[in-house]
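One structure is given here, and the rest of the page talks about it.
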Amino acid sequence: MRKAVLLLLAALLAMCFTGALADTEYQFDGVSATLSLADSYIVLTPDNLAAHQELLSKLNRSKEVVEADFAERGVLLQAWVQGLDACLEITAVQDDNARTYYDLDQQTAQVRRAYRTSILKSQSLKDAGYSVKSAEWKRQTHGGLFLMIKYKRTTAEKIYWGYARTAVRNGYTFTLDYQVYDRGLKAKDLNAVNKVANTVSFAPVDGVPATVAGILSFSAAPPAETNTGVFDVEGKCTPGAHLTGVLMRPVSTTPLLVEATARKNGTFKLPVALPEEGVWVMTVTVEVDGQEIAWEYFEPTTFSKTMLPVQLDAPVPEQLSGDELVLTGKTAKNVSVQCIVMRGTDTVFNKQIRTNGTGKFTFKIPTSAEADYDITLVFSKKNYITRRLTYIAKRDLTEEDLRNQARNEAVKPAYATLVKKLDSYIGRKMVYNVYIADIQQSGDEWIITGALKQTKKGYDNLVIITADEKPSFETGVQKKMYGTCVGTHQVLSEEDIVNYPCFDLLFWE
């Protein structure tokens, strides 16, 4: 009897512990994957955001913003730890890697090495603020091969570290990204992401979806202009696919054919040598096992031996948003390139350079003033037709633009230097942390007395700040003041007239 009771208690305890440590299984139909998460996580999915308003409030994000973010980045769920200092984000996207490799478990070791190298050297990851510290393959318990990645990410809003597991399966790039905030990575973080990764499994799917099979992207397209007729068309497609480039002229029925086979990592190169001058149009098709799976039609290419080809890296914007416009591009080698920029009748920029063997050129144009900028690029070389390209770009300064300019330009001399050389600072933007000693209205403006020092005896190193509106704060607080120095302000004391440095307020921070 006693033995039966002990067995019953043991069974009940096992049930209790099983409930306490229970995991919840999640299924993701698109990628045909399942995984399990401990119930200790706070899980956000696209469908349950309305039930987690308290968490969204702590994250300072609205339901609508998170919904849009999830949809844009392919987020399946976010699993937050209770302290909100770590989050496991799970995504599945049909990106270029997914369309190229489809399933890395079915690729060769050589292809997987190429994929790993592409992650380590990825420029797009660097542009997004990622610094990949390591990337190694690991076979998880049920889900096959995952690339283990350790990284640091720096964005305008924050810096954080993470462990990620990523796999290309069933035509998706499937990623588990364990992010930690306001602290460094710990062993428990690695264990946490590894535990979840070992629960991942993928169900096989029939056939290769058309969106996956039809991958075709280009890193080098036919140029709009050429004076040699020789160029390479490069890109990425299904590994081992056969590519055919067809180039035609409107006045001819005889096409030029170029062919290539995609390498094991999916990259390809189609070398083109146009036989004669004129306007050419190129089409590229991709075949796998004799079946056409993708094609691309390009804009015309003009071939003229006396033309100086010009290709800007990016279109000149009609609306400017920064204090500097950087124009970069490429032309032929040993070309004189002059950039002239007018603001009304004033020449604000005039520079001439000669391209080297790469043909690349760069001009950095100052655009801090609010105005219309007339930009002219002139390309010249002996025995070639001179080219002149013109653009108009407009700069409208927003309130934030004006504040950023003040932050960048503001100076902060010591008080003794300010008083001694006050005349030389008139018209300059300046910044000081001031203790607010007094606030008075004088006609339509407000006179604020600030102090750069506060001692036990009171305020010292006084300045006067004039403002059009009453401050939103009271005396006794410290505020950062951005203002334009206007000279002195006279204050009548009981004994004499005292002059203090004076500023017209730009804004408070």
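A few comments on the model shown:
- Residue, least open to solvent (accessible area, probe 1.4 Å), within the range 469-500, restricted to residues that are of a type in the set (A, V, I, L, M) and under 25 Å from Asp423 (Cβ atoms): Met481
- The number of residues in the range 63-113 that are part of a helix (DSSP H, G or I), open to solvent by less than 30 Å² (accessible area, probe 1.4 Å) and over 18 Å from Asp177 (Cα atoms) comes to 4.
- Flag if Gly184 is at pLDDT below 95 and surrounded by fewer than 19 Cβ atoms within 10 Å (Cβ to Cβ): yes
- Test: Val284 is touching a helix residue (DSSP H, G or I) at 6+ places or on another chain (Cβ under 8 Å), touching a residue at least 60 places away in the same chain (Cβ under 8 Å) and not charged (D, E, K, R): no
- Within the range 277-297, considering residues that are of a type in the set (Asp, Glu) and open to solvent by less than 90 Å² (accessible area, probe 1.4 Å), the one farthest from the chain's Cα centre (by Cα): Glu277
- Some residue of the range 230-252 being modelled with pLDDT of 90 or more, out of contact with any Asp or Glu (no Cβ under 8 Å at 6 or more places or on another chain), open to solvent by less than 30 Å² (accessible area, probe 1.4 Å) and not in a strand (DSSP E or B): no
- Counted residues, the range 75-92 - those being closer than 18 Å to Ser32 by Cβ and modelled with pLDDT under 95: 0
- Count of the range 401-429 residues, restricted to those that are assigned to a loop (DSSP other than H, G, I, E, B) and open to solvent by less than 80 Å² (accessible area, probe 1.4 Å), is 4.
- Of all the numbered requirements in (1) at pLDDT 90 or above; (2) among the polar types (S, T, N, Q); (3) open to solvent by 60 Å² or more (accessible area, probe 1.4 Å), Ser219 misses one, and that requirement is (1).
- Scanning the range 49-62 for residues that are open to solvent by 30 Å² or more (accessible area, probe 1.4 Å) and touching a strand residue (DSSP E or B) at 6+ places or on another chain (Cβ under 9 Å), we see that the one that is modelled with the lowest pLDDT is Leu59.
- Reported count of residues in the range 369-394, each being over 15 Å from Glu225 (Cβ atoms), buried (at least 17 other Cβ atoms within 10 Å of the Cβ) and touching a Lys or Arg at 6+ places or on another chain (Cβ under 8 Å), is 2.
- Qualifying residue in the range 99-109 (condition: modelled with pLDDT of 90 or more, in contact with a strand residue (DSSP E or B) (Cβ under 9 Å, 6 or more places away or on another chain) and hydrophobic (A, V, I, L, M, F, W, C)): no
- Condition met for Thr302 (open to solvent by less than 40 Å² (accessible area, probe 1.4 Å), hydroxyl-bearing (Ser, Thr, Tyr) and in contact with an Asp or Glu (Cβ under 7 Å, 6 or more places away or on another chain)): no
- Note on the range 114-159: among residues that are in contact (Cβ under 8 Å) with a residue 60 or more places away in the chain and more than 23 Å from Lys236 (Cα to Cα), the one that is surrounded by the fewest Cβ atoms within 10 Å (Cβ to Cβ) is Gln140.
- Residue in the range 451-465 that is surrounded by the fewest Cβ atoms within 10 Å (Cβ to Cβ), counting only those that are touching a strand residue (DSSP E or B) at 6+ places or on another chain (Cβ under 9 Å) and farther than 18 Å from Asp423 by Cα: Gly458
- If you go through the range 253-278 and keep only what is hydrophobic (A, V, I, L, M, F, W, C) and not in a strand (DSSP E or B), you end up with Ala262, Leu274.
- Unmet criterion (only one of (1) hydrophobic (A, V, I, L, M, F, W, C); (2) exposed (fewer than 12 other Cβ atoms within 10 Å of the Cβ); (3) touching a His at 6+ places or on another chain (Cβ under 9 Å)) for Ile447: (2)
- The set of residues from the range 29-62 being assigned to a helix (DSSP H, G or I) and not small (Gly, Ala, Ser) comprises Leu49, His52, Gln53, Glu54, Leu55, Leu56, Lys58.
- Residue within the range 84-107 that is of a type in the set (Ser, Thr, Tyr) and closer than 17 Å to Tyr160 by Cβ present: yes
- Candidate set: the range 230-260, residues that are among the small types (Gly, Ala, Ser) and touching a Ser or Thr at 6+ places or on another chain (Cβ under 9 Å); chosen: the one farthest from Glu296 (Cα to Cα): Gly240
- Positions within the range 262-274 being open to solvent by 60 Å² or more (accessible area, probe 1.4 Å) and at pLDDT below 95, in sequence order: Arg263, Lys264
- Residue in the range 269-281 that is under 23 Å from Thr108 (Cα atoms) and touching a helix residue (DSSP H, G or I) at 6+ places or on another chain (Cβ under 9 Å) present: no
- Looking at the range 301-400, the strands (runs of 3 or more DSSP E) lying wholly inside it that each contain 1 or more residues that are touching a residue at least 12 places away in the same chain (Cβ under 8 Å), closer than 27 Å to Trp280 by Cα and among the hydroxyl-bearing types (Ser, Thr, Tyr) sit at 301-303, 324-330, 371-380, 387-395.
- Asp29 being within 23 Å of Phe202 (Cα to Cα), under 24 Å from the mean Cα position of the chain (by Cα), open to solvent by 50 Å² or more (accessible area, probe 1.4 Å) and of a type in the set (Asp, Glu): no
The values are calculated or read from the model by the stated rules, or taken from the named source; none is laboratory data. What you see is a predicted model; the values in this text were computed from it and never measured. So basically every Cβ, Gly included, is an ideal-geometry build from the backbone, and we count neighbours across all protein chains shown. Accessible surface is based on the protein model in full, side chains and every heavy atom, while ligands, DNA and RNA are left aside. Shrake-Rupley method; radii C 1.70, N 1.55, O 1.52, S 1.80 Å.
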